[in-house]
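Participant: Input: one structure, supplied below.
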Amino acid sequence: MKHPFFLSLCLSAAFAVSTLAQNPSAEERFALPSDELVKLENLYWERTPIPIPDDIILESSGILALPNKELLVTTRRGEIWHIAGAYDPIPNPKFTLFASGLHEPLGIIAAPTGGYYVAQRPEVTHIRDTDGDGRADSFKTLARIPISGSYHEYAFGPKLAPNGNLRVTLNVAFGAATQSPVPWRGWMIEITPDGQIIPIAAGLRSPAGFTVTSQGVWLAAENQGEWVGSGRITQIDPGDFIGHVASLAWSREPGSTVSLRPGDIPDSADPMHEVAKRIPGIKTPAVWLPHTIQGISTAGLIEDVTGGEFGPFAGQFYISDQGQSKIVRMSMEQVKGVWQGASYNFREGFECGIIRLTMGEDATLWVGETNRGWGSVGPKEQGLERLTWTGKTPFEIQEVKARSDGFLLSFTQPVDPVIAADPATYQVTSFTYKYHQTYGSPPINVEPHQVAKVEVAADGLSVRIALPKLREGYIHEIKAPGLLSAKSGTTLLHDTSYYTLNQIPFGARIIPLAAMENPMAHQHDAGAASSPSTSEKNQTTVPTSWKGKNADQFITLGTEPGLKFDQTLLTAKAGSRVQLTFNNVDDMMHNFVLTTPGTGQTVGAAAMQMGVSGEGLSFVPASADVIAHTTILQPESSQTIYFTVPSIPGDYDFVCTFPGHSMLMKGIFRVTK
Amino acid sequence: MKRVPSISALTLALSILCPLGAKSLLPGEPIPLDSLSSFQPAGENWVIASSIGGDPRRTNSLVANPGTGILVNTAPDKSGDHLITNWEHGDIELSFEFLLPPESNSGMYLMGRYELQLLDSWGVAEPGVHDCGAIYERWIEKEKRGYEGTAPLVNAARAPGLWQTMRILFQAPRFDKSGHKTSHAKFLEVEHNGFLIHKNVEVTGPTRGANWPEEAASGPILIQGNHGPIAFRNLIKRPFNFDTQVTLQDVTSQVQRRKNVAVTQNEAEAPTEDLPSTVAANIDPGDLGESTNFTVTYTGKINIPNSGTYAFDADSRGTVQLQVGGQPALVPINPGVRFIPIDLPAGLHDFKLEYAHGRWQKPQLALFVEGPRIARHIVDTAESKERQRAKVKALTAAMADEEKPVAKPQKKEVTEIVVSPPADGIRLQRGFTPFDPRKRLYSISVGSSTGVHYAYDFDTATILRTWNGPFLDLFEFWDGRAHNQLTKPIGPALTFHDNPTVALLESGEHDWPTETDAMWSSEGYTLDAQGNPTFFSRLSDIEIEDKIVAASSPRRLDRHLTLRGDHTSWMTAILLAEASTITPEANGRSYIIGDRAYYLDIPADNNLEPFIRRINGRDQLVLFPPKSGKDVHLTYSLVW
């Protein structure tokens, strides 16, 4: 199965509830809610696309901020462009070709000895312009990277390590018998100045974004896939195995820092933190980014080191997503020596999938974009944008920290004390993911939590919520949609955060110990992504009412890349019996939903509102507008359903209701007389 | 530089419009060259030889060495006669090899009337209607002017004295019962040195110099003999009648369906369900309306027009097995099929076609056949052709129905991304270079504004291939997800070997290594002011500098190798060329590589002494530089 890191796509924007305080009507909420949110976000962090000349294909794959407000941008087409004037208020920059002919560079940094280090697919190269004519003329191989010829074998980085070496992460190969056919695929490696490769850690899958923090902590992003239930950020130490089994093929290779063997990892589908307790050497993530909510193909990762010039989140992290064309924010803390933290939506509405983030001068965040052949919410296939803080601070959750009996939420503005003090203002749900070989995972073991008590700080800038039950190892979704700012009376710009509670800290409690429940008694869901539903609208066997007769009409429907069905017009006679086979030949999950005329988008929008429970219901809302549907199908699987065509002729809709797909993945089901 | 039209578009057109496409599976009929018995009585200028002697690279004459297998026109001037076969043809595929000395001129007249020009066009930048591979022009004697000639899409000509290949797929003109012509003669495909130079070129009448002014349904081959020497070998003909087709009739289909499995269930254990047989209008498994995981068996009759040997082929996304007349014709290998040639008498025979569809993509099957006088074409029922046309019509109508405003303008279907060097410089592109048996992963293509390009391998410091043309098609490298990451050369190419160029040998008798040495490392490259790369490598203590410069007048690659340092315990060796045979030329510093495939020249001021050694049945041109502690500078040129 081919499942690269640039993968399945979802329009996430609509997850954020509108911040307009009054109750908007259903039409208002479903009519492009993302535009509302994007407009609001733009008041605080302004997004400016950089115009690109027509004859340049700028699929940005790496950005280096040079002095004098200039940029070097590497592209998927192997070029390095020098860009001057991109910082201008109304940018109309000048592009000069610095180098070309590289093989898929995915990052560029300045070399301490002059020139630049670039990670290409086959090697890390030291590139220099030795005669100063503005064109690179020296391409010295620093280290040859083992590859087997799969197009998924990306090399991400490089990053300069504090010890003077370079670090690179290596994507696994897909579509072959093994995903790690040559050494160090799926590893983080270090490269010495004389080109020696030193393995650091294993278990990586598609570590498109990684960084070393100002405190010297190495973090790597991961993309949902086999062994990876959802995107996430993991803190990496030498010798760590962070989850994907293929890389363990090389654990006995000289230089390996990991001793686990592939057979040591069970394919049990138990939560990863439970497996990690049984098997030493497995490092669980610091912060999970729930799939479809906070990204689907995590790609860029940087720390806010602007000291407040980029807004109130200094010291936190920004993470870009390729599929959802957006940036989320992450805060981290160490509890009992373990890194953990929370993620929050930050900025949506970029023009294309974002794979690189680089902070430039004057706290300008450069956003490098390409969709590289996969769909992205942003409609373009290439791009470069910048994001700057307008100086205005929105009403946001500043940070979520863990407490011995709950969480401490801090805010950028004082909260309305009455609403903030009411435990009903906060909705907490915890869940986790399966750790198994199957691609991805639905949220499992989903449970709501009661908020027993709230203490609001005197200055109104933080609240402490206490929960009788905390689940160690679980992701806790904390929503406060009704919370209001005392100053402006508005709701939170982004009202939801996801805290990965790896460790519960010690410390003083605000609710008595006796009130805390044992969090261990949970039940395992059946929740498979293609769980068969027994709904009568999802009829997978010949209906008995057909009395053994064949269908009147057989329809075969497939998919095409880029969120499309392979047909946009299906036709059937009113009242006829249809046997429809839906073949999902894409590498993302899809379904087929037949709806009454004109309701396809409404049903699709309602599916997006189903939240974490949606997956178990195949993202088909309980609506009278739904006539028939398949369950959510894994890539490369199919389902045959049987239904009777409505008796009233007309143009009915069919859509895929996987969150975000329905706007593009749709068609007309024409019922004729 | 002449722009080569979209290669992939041509291939696409080939498969849809013209069912004749891929190369023949069945062997053609070689025209014997042990004597002139296949030809009408010939002038003395035509002789049979075993090989070419003399210096066909530099002198306008061909020396025919005694023996058989090669046909030679020895006449150096206008005194020679033409050569005409004693057999005639209509539709035909004709392939042959030819060799020309400098400035020589000949031509292959299909049906004695339609000439494919053979000329020494080595080095011509923009080939015209008189150049090698052109379909010659027609002639109006009164006005002394020509018209309708078709230049080849690209100049694929090799240097004088080298063997070249030509393959022609030709359709004869058609006439009705009263003798009126209903369609013109057509060159369906012409490939020169393996590269397509013509596609579907009509010729409205005999070309200049044709033996007969009137057209006919058949005619002999005429080879021009009055314009200079030329040699031929491996003439192979496959006569056809394109109108003769194999069809299916009385087809029934029977489906065995594997019941839907839950994600966690083992597919192989899922129960199957046999559906009853039904009449089938065609053998298109996509029409069955079946889900994935099914097998369909088609049975019926196949109409075999001519008695003889048949070869079937299949292009599919499933597993295919075919039996005709009870004999196995196609057996599945993974992936693809293997054909078994079968002999069939003319008439109706039973056939049984099994197609097993797995989980990937839409079911798809195209069945092909070729046979005696039957060119390769798609096999299905006669009605299926009508149905396919109707399907296309309906689809067009459906698209017209949907008059919704389009959110974004529809992208034009892109099937190639052609990149070329700048007008006066060099363009480099790293990527995976196509190569047999396996694409090369650490390699780079270097394109020059001279129009001459090469691909270089970092692991072996080898020139993998050279070609002329626009440079590269990067569609499979930059479009969408680009699974193959291939940097594909556009243009007629000469492919070399991929053995390491520099090696450490224990002794002069040890064979050359085929794998990269463990102590080898590629160190990258620098660019000079024009953009030409110099490649740097290390083999143990030896530093290697490698600069290759393309030139176009005359066409060649000049290579400058410098070795510094020495590995004292073993012998340092350089491999200049490797082939089945290497022949030194009379001047002592040029070599003919292989069976007249290309030349390797060493400049006169060179004081190194490469020599030919024969190991394991092959020749190697090697150099063991003296261990003097001084730098070794080796220069040589490749000419083709």
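The values are calculated or read from the model by the stated rules, or taken from the named source; none is laboratory data. All values reported here derive from a predicted model rather than from experimental measurement. Backbone-built Cβ (ideal geometry, glycine too); neighbour counts: all protein chains shown. Side chains are part of the model used for accessible areas, which takes the heavy atoms of the whole protein and leaves out ligands, DNA and RNA. Shrake-Rupley method; radii C 1.70, N 1.55, O 1.52, S 1.80 Å.
Participant: Test each condition in (1) open to solvent by 10 Å² or more (accessible area, probe 1.4 Å); (2) touching a Phe, Trp or Tyr at 6+ places or on another chain (Cβ under 9 Å); (3) farther than 19 Å from B:A185 by Cα for B:L119 and report the one that comes out false.
Facilitator: (2)
Participant: Being more than 14 Å from every other protein chain (Cβ to nearest Cβ) and among the aliphatic types (A, V, I, L, M) is the filter here, so list the residues in segment B:498-543 that pass it.
Facilitator: B:V502, B:A503, B:L504, B:L505, B:L539, B:I542 - these are the residues of segment B:498-543 that are more than 14 Å from every other protein chain (Cβ to nearest Cβ) and among the aliphatic types (A, V, I, L, M).
Participant: What is the one condition in (1) closer than 22 Å to B:T514 by Cβ; (2) free of Cβ contacts under 8 Å to residues at least 24 places away in the same chain; (3) open to solvent by 20 Å² or more (accessible area, probe 1.4 Å) that B:K630 does not satisfy?
Facilitator: Going through the list (1) closer than 22 Å to B:T514 by Cβ; (2) free of Cβ contacts under 8 Å to residues at least 24 places away in the same chain; (3) open to solvent by 20 Å² or more (accessible area, probe 1.4 Å), B:K630 breaks only (1).
Participant: Looking only at segment B:409-424, filter to residues that are open to solvent by 50 Å² or more (accessible area, probe 1.4 Å) and either within 23 Å of A:F98 (Cβ to Cβ) or not in a loop (DSSP other than H, G, I, E, B) (or both); which one of those is modelled with the lowest pLDDT? Steps first, please.
Facilitator: Step one: list which residues in segment B:409-424 are open to solvent by 50 Å² or more (accessible area, probe 1.4 Å), which gives B:409-414, B:418, B:420, B:422-424.
In the following step, the residues that additionally are either within 23 Å of A:F98 (Cβ to Cβ) or not in a loop (DSSP other than H, G, I, E, B) (or both) were identified as B:418, B:420, B:422-424.
Numbers: B:V418: 95, B:S420: 96, B:P422: 94, B:A423: 92, B:D424: 89.
The qualifying residue modelled with the lowest pLDDT is B:D424.
Participant: Same structure again: Among the residues of segment B:548-570, count how many are open to solvent by less than 50 Å² (accessible area, probe 1.4 Å) and assigned to a strand (DSSP E or B).
Facilitator: 12
Participant: While we're here: So which residues in segment B:221-232 are in contact with a strand residue (DSSP E or B) (Cβ under 6 Å, 6 or more places away or on another chain) and either surrounded by fewer than 20 Cβ atoms within 10 Å (Cβ to Cβ) or assigned to a loop (DSSP other than H, G, I, E, B) (or both), if there are any at all? Full working, then the answer.
Facilitator: Pass one, segment B:221-232, residues in contact with a strand residue (DSSP E or B) (Cβ under 6 Å, 6 or more places away or on another chain): B:221-225, B:227-232.
Across segment B:221-232, the qualifying residues are B:Q224, B:G225, B:H227, B:G228, B:P229.
Participant: Additional query: Of the conditions (1) modelled with pLDDT of 95 or more; (2) of a type in the set (K, R); (3) under 25 Å from the mean Cα position of the chain (by Cα), B:R427 clears all except one; give me its number.
Facilitator: (3)
Participant: Considering segment A:349-364 alone, what residues qualify as being in contact (Cβ under 8 Å) with a residue 40 or more places away in the chain, surrounded by 24 or more Cβ atoms within 10 Å (Cβ to Cβ) and of a type outside the set (K, R)? Walk me through how you get there before you give the answer.
Facilitator: Within segment A:349-364, the subset in contact (Cβ under 8 Å) with a residue 40 or more places away in the chain is A:349-351, A:353-364.
Next, only the ones that are surrounded by 24 or more Cβ atoms within 10 Å (Cβ to Cβ) stay: A:350, A:353-356.
Those that are in contact (Cβ under 8 Å) with a residue 40 or more places away in the chain, surrounded by 24 or more Cβ atoms within 10 Å (Cβ to Cβ) and of a type outside the set (K, R): A:F350, A:G353, A:I354, A:I355.
Participant: Residue by residue through segment B:474-497, note down the ones that are open to solvent by less than 20 Å² (accessible area, probe 1.4 Å) and more than 14 Å from chain A (Cβ to nearest Cβ). First the steps, then the outcome.
Facilitator: Applying the first criterion (open to solvent by less than 20 Å² (accessible area, probe 1.4 Å)) to segment B:474-497 yields B:474, B:477-478, B:482, B:485, B:487, B:490-492, B:494.
B:I490, B:G491, B:P492, B:L494 - these are the residues of segment B:474-497 that are open to solvent by less than 20 Å² (accessible area, probe 1.4 Å) and more than 14 Å from chain A (Cβ to nearest Cβ).
Participant: For segment B:179-215, name all the residues that are of a type in the set (V, I, T), under 18 Å from B:G149 (Cβ atoms) and open to solvent by 60 Å² or more (accessible area, probe 1.4 Å). Even if it seems obvious, please write down each step before you answer.
Facilitator: The first filter runs over segment B:179-215 and keeps only residues of a type in the set (V, I, T), leaving B:182, B:190, B:197, B:201, B:203-204, B:207.
Within this subset, residues satisfying the condition of being under 18 Å from B:G149 (Cβ atoms) are B:190, B:197, B:201, B:203-204, B:207.
Within segment B:179-215, no residue meets the criteria.
Participant: Further question: Please pick out the residue among B:A577, B:A573 that is in a strand (DSSP E or B), within 29 Å of the chain's Cα centre (by Cα) and under 20 Å from B:D517 (Cβ atoms). Give the steps one after another, and end with the answer.
Facilitator: Working: B:A573 fails: within 29 Å of the chain's Cα centre (by Cα).
Within the list B:A577, B:A573, the selection yields B:A577.
Participant: Does A:K392 qualify as being surrounded by fewer than 21 Cβ atoms within 10 Å (Cβ to Cβ), within 14 Å of chain B (Cβ to nearest Cβ) and over 21 Å from A:A220 (Cα atoms)?
Facilitator: On the way: surrounded by fewer than 21 Cβ atoms within 10 Å (Cβ to Cβ): yes; within 14 Å of chain B (Cβ to nearest Cβ): no; over 21 Å from A:A220 (Cα atoms): yes.
Against the criterion (surrounded by fewer than 21 Cβ atoms within 10 Å (Cβ to Cβ), within 14 Å of chain B (Cβ to nearest Cβ) and over 21 Å from A:A220 (Cα atoms)), A:K392 does not qualify.
Participant: What residue, among those in segment A:534-569 that are exposed (fewer than 13 other Cβ atoms within 10 Å of the Cβ) and over 25 Å from A:E636 (Cα atoms), is farthest from the other protein chains (Cβ to nearest Cβ)?
Facilitator: The first filter runs over segment A:534-569 and keeps only residues exposed (fewer than 13 other Cβ atoms within 10 Å of the Cβ), leaving A:534, A:536, A:541, A:544-545, A:547-550, A:560.
The next check asks that each one be over 25 Å from A:E636 (Cα atoms); those that pass are A:544-545, A:547-550.
Details: A:T544: 17, A:S545: 20, A:K547: 17, A:G548: 13, A:K549: 13, A:N550: 9 Å.
So, considering only residues that are exposed (fewer than 13 other Cβ atoms within 10 Å of the Cβ) and over 25 Å from A:E636 (Cα atoms), the one farthest from the other protein chains (Cβ to nearest Cβ) is A:S545.
Participant: Quick one: which strands (runs of 3 or more DSSP E) sit completely within segment A:583-673 and have at least 2 residues that are crowded, with 24+ Cβ neighbours inside 10 Å and hydrophobic (A, V, I, L, M, F, W, C)?
Facilitator: Numbers: elements: A:593-595, A:626-629, A:637-644, A:650-655, A:666-672.
Of the strands (runs of 3 or more DSSP E) lying wholly inside segment A:583-673, those with at least 2 residues that are crowded, with 24+ Cβ neighbours inside 10 Å and hydrophobic (A, V, I, L, M, F, W, C) span A:593-595, A:650-655.
Participant: Could you list, in sequence order, the residues of segment B:544-554 that are at pLDDT 95 or above and not small (G, A, S)? Show your work before the answer.
Facilitator: So in segment B:544-554, the residues at pLDDT 95 or above come out as B:544-550.
Of everything in segment B:544-554, those that are at pLDDT 95 or above and not small (G, A, S) turn out to be B:I544, B:E545, B:D546, B:K547, B:I548, B:V549.
Participant: For the list (1) surrounded by fewer than 22 Cβ atoms within 10 Å (Cβ to Cβ); (2) under 17 Å from the mean Cα position of the chain (by Cα), I need the number of the one condition that A:S325 fails.
Facilitator: Every condition holds for A:S325 apart from (1).
Participant: Picking from A:V463, A:V454, A:V446, which residue would you name as being assigned to a strand (DSSP E or B), within 21 Å of A:L289 (Cβ to Cβ) and in contact with a Phe, Trp or Tyr (Cβ under 9 Å, 6 or more places away or on another chain)? Full working, then the answer.
Facilitator: Values: A:V463 fails: within 21 Å of A:L289 (Cβ to Cβ); A:V454 fails: within 21 Å of A:L289 (Cβ to Cβ).
Selected residue: A:V446, the only one of A:V463, A:V454, A:V446 that is assigned to a strand (DSSP E or B), within 21 Å of A:L289 (Cβ to Cβ) and in contact with a Phe, Trp or Tyr (Cβ under 9 Å, 6 or more places away or on another chain).
Participant: Among the numbered criteria (1) farther than 30 Å from B:R167 by Cβ; (2) open to solvent by 60 Å² or more (accessible area, probe 1.4 Å); (3) modelled with pLDDT of 90 or more, which one does B:M399 miss?
Facilitator: Going through the list (1) farther than 30 Å from B:R167 by Cβ; (2) open to solvent by 60 Å² or more (accessible area, probe 1.4 Å); (3) modelled with pLDDT of 90 or more, B:M399 breaks only (3).
Participant: In addition: Has segment B:298-318 got at least one residue that is in contact with a helix residue (DSSP H, G or I) (Cβ under 8 Å, 6 or more places away or on another chain), surrounded by 17 or more Cβ atoms within 10 Å (Cβ to Cβ) and either on the phi > 0 side of the Ramachandran plot or more than 14 Å from chain A (Cβ to nearest Cβ) (or both)?
Facilitator: no
Participant: Residue pairs, Cβ under 6 Å, 6 or more apart or interchain, first in segment A:80-98 and touching a residue at least 40 places away in the same chain (Cβ under 8 Å), second open to solvent by 20 Å² or more (accessible area, probe 1.4 Å) and polar (S, T, N, Q). List them.
Facilitator: Once the first residue is touching a residue at least 40 places away in the same chain (Cβ under 8 Å) and sits in segment A:80-98, its partners that are open to solvent by 20 Å² or more (accessible area, probe 1.4 Å) and polar (S, T, N, Q) give A:H82/A:T96.
Participant: Considering only residues that are assigned to a loop (DSSP other than H, G, I, E, B) and of a type in the set (S, T, N, Q), look in segment B:233-248 and name the one that is least open to solvent (accessible area, probe 1.4 Å). It would help to see each step written out before you state the result.
Facilitator: Looking only at segment B:233-248, we keep the residues that are assigned to a loop (DSSP other than H, G, I, E, B), and these are B:241-246.
Subsequent filtering for residues that are of a type in the set (S, T, N, Q) retains B:241, B:244-245.
Numbers: B:N241: 61, B:T244: 31, B:Q245: 63 Å².
It comes out as B:T244.
Participant: Taking segment B:38-53 as the region of interest, how many residues are open to solvent by 60 Å² or more (accessible area, probe 1.4 Å) and either among the β-branched types (V, I, T) or without any contact (Cβ under 8 Å) to a residue 40 or more places away in the chain (or both)? Give the derivation first.
Facilitator: Pass one, segment B:38-53, residues open to solvent by 60 Å² or more (accessible area, probe 1.4 Å): B:40-41, B:44.
Remaining after also requiring either among the β-branched types (V, I, T) or without any contact (Cβ under 8 Å) to a residue 40 or more places away in the chain (or both): B:41, B:44.
Residues flagged as open to solvent by 60 Å² or more (accessible area, probe 1.4 Å) and either among the β-branched types (V, I, T) or without any contact (Cβ under 8 Å) to a residue 40 or more places away in the chain (or both) within segment B:38-53 amount to 2.
Participant: Looking only at residues in segment B:432-460 that are surrounded by 24 or more Cβ atoms within 10 Å (Cβ to Cβ) and in a loop (DSSP other than H, G, I, E, B), which one is farthest from the other protein chains (Cβ to nearest Cβ)?
Facilitator: The extreme case among them is B:T460.
Participant: Of the conditions (1) open to solvent by 10 Å² or more (accessible area, probe 1.4 Å); (2) out of contact with any strand residue (DSSP E or B) (no Cβ under 6 Å at 6 or more places or on another chain); (3) more than 14 Å from every other protein chain (Cβ to nearest Cβ), A:V172 satisfies every one except a single condition; which number is it?
Facilitator: Looking at each condition in turn, A:V172 falls short on (1).
Participant: I need the full set of residues from segment A:407-440 which are among the small types (G, A, S) and either open to solvent by 10 Å² or more (accessible area, probe 1.4 Å) or farther than 27 Å from A:G616 by Cβ (or both), in order please.
Facilitator: Taking segment A:407-440 and keeping what is among the small types (G, A, S), we get A:410, A:420-421, A:424, A:430, A:440.
Those that are among the small types (G, A, S) and either open to solvent by 10 Å² or more (accessible area, probe 1.4 Å) or farther than 27 Å from A:G616 by Cβ (or both): A:S410, A:A420, A:A421, A:A424.
Participant: If I filter segment A:56-74 down to residues being within 14 Å of chain B (Cβ to nearest Cβ) and touching a Gly at 6+ places or on another chain (Cβ under 9 Å), which single residue comes out as surrounded by the most Cβ atoms within 10 Å (Cβ to Cβ)?
Facilitator: Quick first cut of segment A:56-74, residues within 14 Å of chain B (Cβ to nearest Cβ) only: A:56-59, A:61, A:74.
Next cut, touching a Gly at 6+ places or on another chain (Cβ under 9 Å) only: A:58-59, A:61, A:74.
Values: A:L58: 24, A:E59: 26, A:S61: 28, A:T74: 31.
The extreme case among them is A:T74.
Here is a yes/no grid of residues against (1) outside any strand (DSSP E or B); (2) open to solvent by less than 10 Å² (accessible area, probe 1.4 Å):
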| position | (1), (2) |
| --- | --- |
| A:E153 | yes, yes |
| A:K159 | no, no |
| A:V168 | no, yes |
| A:P181 | yes, no |
| A:W184 | yes, no |
| A:Q215 | yes, no |
| A:A221 | no, yes |
